[in-house]
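Okay, structure first, notes after.
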Amino acid sequence: MYELKIKRIYDEYEESDGMRILVDGLWPRGSSKEKAHLDLGDKEISPTTTLRKAFNHEIDKYEDFRKQYRQELAENPHTQDFLKMVFNHLEKQPVTLLYGAKDRLHNQAVVLKEYIMEEM
């Protein structure tokens, strides 16, 4: 099994990224589709607009955001298909979850990676 990674969409593309999946609900400002080297953009797996706005990338709200986003993932009918797709690709190549947030430690990609790893 290959590595599951997370990376800012603004970071330099690397061949070792493998399959690149944007997991933001909104297109990251200032990023072009050409520079992003996306294989997939999956808005259905991103946090709801209500949750995203409530979090507003404020670190003191992160734990609550994390819990609520995990609950959304558990209840989202798309999650199981997304997990199967990621698992299938990880058998062949690395998978990189891309996000636009400035904070590398407190964002939905961190929570999603954690969720995926627990489901493996």
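In the condition set (1) closer than 17 Å to TYR115 by Cβ; (2) under 15 Å from the mean Cα position of the chain (by Cα); (3) open to solvent by 20 Å² or more (accessible area, probe 1.4 Å); (4) at pLDDT 95 or above, GLY25 is compliant with all but (4).
Residues that are among the hydrophobic types (A, V, I, L, M, F, W, C) and more than 23 Å from LYS7 (Cβ to Cβ) were ranked within region 41-91; the one that is nearest to the chain's Cα centre (by Cα) is ALA74. Mind checking whether some residue in region 95-104 is within 23 Å of PRO28 (Cα to Cα), of a type in the set (Ser, Thr, Tyr), under 14 Å from the mean Cα position of the chain (by Cα) and assigned to a strand (DSSP E or B)? Yes, some residue in region 95-104 is within 23 Å of PRO28 (Cα to Cα), of a type in the set (Ser, Thr, Tyr), under 14 Å from the mean Cα position of the chain (by Cα) and assigned to a strand (DSSP E or B). Within region 1-17, being of a type outside the set (A, V, I, L, M, F, W, C) and surrounded by fewer than 18 Cβ atoms within 10 Å (Cβ to Cβ) holds for TYR2, GLU3, LYS5, LYS7, ARG8, TYR10, ASP11, GLU12, TYR13, GLU14, GLU15, SER16. Taking LEU26 as the residue in question, decide whether it is over 16 Å from THR96 (Cβ atoms), part of a helix (DSSP H, G or I) and in contact (Cβ under 8 Å) with a residue 12 or more places away in the chain. Judged against the criteria, LEU26 is not a match. Comparison of ARG66, ARG20 shows that the only residue that is open to solvent by less than 20 Å² (accessible area, probe 1.4 Å), outside any loop (DSSP other than H, G, I, E, B) and closer than 22 Å to MET117 by Cα is ARG20. Of all residues in region 36-81, how many are under 26 Å from GLU14 (Cα atoms), touching a helix residue (DSSP H, G or I) at 6+ places or on another chain (Cβ under 9 Å) and not small (Gly, Ala, Ser)? Qualifying residue count for the region: 6.
Filtered by the rule that a residue be of a type outside the set (Gly, Ala, Ser), part of a helix (DSSP H, G or I) and either touching a residue at least 24 places away in the same chain (Cβ under 8 Å) or open to solvent by 90 Å² or more (accessible area, probe 1.4 Å) (or both), region 35-62 gives LYS35, LYS43, GLU44, ILE45, THR49, THR50, ARG52, LYS53, ILE59, ASP60, TYR62. Annotation note: of LYS92, LYS84, the sole residue that is out of contact with any helix residue (DSSP H, G or I) (no Cβ under 9 Å at 6 or more places or on another chain), open to solvent by 90 Å² or more (accessible area, probe 1.4 Å) and either in contact (Cβ under 8 Å) with a residue 24 or more places away in the chain or assigned to a strand (DSSP E or B) (or both) is LYS92.
The values are calculated or read from the model by the stated rules, or taken from the named source; none is laboratory data. Everything numeric in this text was worked out from a predicted model, so none of it was measured. Don't worry about glycine lacking a Cβ; one is built from the backbone with ideal geometry, like all the others, and counts go over all protein chains shown. Only protein heavy atoms, including side chains, enter the accessible area calculation; ligands, DNA and RNA are left aside. Shrake-Rupley method; radii C 1.70, N 1.55, O 1.52, S 1.80 Å.
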